[in-house]
Ligand SMILES: [Zn+2]
């Protein structure tokens, strides 16, 4: 049942952040088309990529990570065609630190190329069997190559597993890459192990890294890539934002490897409402999420914050009664801001005011006894694990009225 009220309640916290909370707009790099395809079973065909990228651009994300062109000629052609769309968003892609891969990426016309490295000693020895300077050598080479052949293309070096890596090595890699020409340093919490409020937080890591780079006269943009293994990806991203990071990687529905990464809509909600750090067109979100769900085959959980089917739906009688008077009594977010509507669920938890509110939408007038009978039928349906929609409510009302009016 949709709520007809349109007045914005003062209880909503929109734009109520303190001066301390106000910061520069945070930029978002959407990785649905790259990280999202690392969700088992998810593949976006070219036409889906085009449709999704167009919606992402309409929403206003700053970067769209479009896939890895070096994977195949087809993948390269898809990235190239997105580059030719003239989006406001910059098209980004990852590449291995090899001359052929970065040349392919540049040939597609991308505006940001991301290369990554591991600096943890154990990883260097066990997987790559080489010391750090050897790991960084080819990266420095390709960064210099890219800077020379395509000076306007942004370059991001991402330090993978940075949270578990020796801090001095993270600093060293960041300095070397920046001095070679990298514009942005990415800090990846690859296994989702950063813990807010501790020494192992992205807040501490970003602050310390920024200080060390500043001290050396280096001022690259900083980005974070937070995985959600502990369910902390969004909190960690916001932690990094408060520490002064410039860019956060996100994806629609948080799609990605294992538990995925930061959910785009959830990140936008806090940025927009609590930090005034977002100027995107949030009403584009429902269509974007519908589209990604359709093409990924991944269902949006009903209770997913912001975009879940029931996150602006009130169920229990007392809640619904208060929400009908003023939805903000049981909501801290204004649904219309996200292209959503507050609704009242009719089921076994409903009370008289919910039914009255719904019946009003049918433009039917019932007396109190008739309403009570309708409520009893609604509750009966609800006890079978169902909700009553407006169509079924009309049928229930008709059924009730068909009874002897004297007995109802
Ligand atoms: Zn990732």
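What follows is calculated from the coordinates using simple rules that are stated; it is not laboratory data. Computed from a predicted model, the values in this text were never measured in an experiment. Using ideal geometry, Cβ is built from the backbone for each residue, glycine included, and neighbour counts are taken over all protein chains shown.
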Kirkwood-based Rg/Rh on the Cα set of the chain evaluates to 1.09
In whole percents, the bins of 10 Å from zero upward hold the Cα-Cα pairs of segment 313-402 as 18, 49, 27, 6, 0
One finds the C-alpha centres of segment 337-354 and segment 367-406 to be spaced, in Å, by 16 Å
If each part is reduced to its alpha-carbon centroid, segment 30-59 and segment 162-218 end up apart, in Å, by 28 Å
The exposure ranking of 161, 239, 326, 249, fewest beta-carbon neighbours within 10 Å first, is 326, 161, 239, 249
Percent antiparallel among DSSP beta bridges confined to the chain, rounded to 5, stands at 5 percent
Helix 368-382: inclination vs the chain longest Cα principal axis, degrees, rounded to 10, gives 40 degrees
Full extension between residue 386 and residue 403 adds, at 0.36 nm per residue less the Cα distance, a length in nm of 3.7 nm
With Cα coordinates, the longest principal axis of the chain makes an angle with the long axis of helix 202-215, in degrees rounded to 10, of 30 degrees
Helix 46-59: inclination vs the chain longest Cα principal axis, degrees, rounded to 10, gives 80 degrees
Simple spin-label estimate for residue 72/residue 134, 7 Å along Cα→Cβ, in nm, reads 3.4 nm
Contour minus Cα-Cα span, residue 183 to residue 147, at 0.36 nm per residue, comes to 12.0 nm
Relative contact order in percent for segment 267-408 (Cα pairs under 8 Å, 6+ apart) equals 19 percent
When 399, 118 are ranked with the fewest other C-beta atoms within 10 Å first, the list becomes 399, 118
Quick calc: nm separation of the 7 Å Cα→Cβ label points for residue 330 and residue 167 -> 4.7 nm
Where a ≥ b ≥ c are root eigenvalues of the Cα gyration tensor, a/c under 1.5 meaning rounded, otherwise prolate if a/b exceeds b/c and oblate otherwise, segment 38-112 counts as oblate
Looks like segment 44-177, by Cα gyration tensor root eigenvalues a ≥ b ≥ c and the a/c under 1.5 rounded cutoff (else prolate when a/b is bigger than b/c, oblate otherwise), is prolate
Residue-normalised 222 nm signal for the chain, counting each DSSP H run of n ≥ 4 as -39,500 (n - 2.57), nearest 500 deg cm²/dmol, is -12500 deg cm²/dmol
Between residue 299 and residue 394, Cβ-based FRET efficiency (R0 35 Å, step 0.05) works out to 0.75
Scoring the chain by relative contact order with C-alpha pairs under 8 Å, at least six apart, yields a percentage of 17 percent
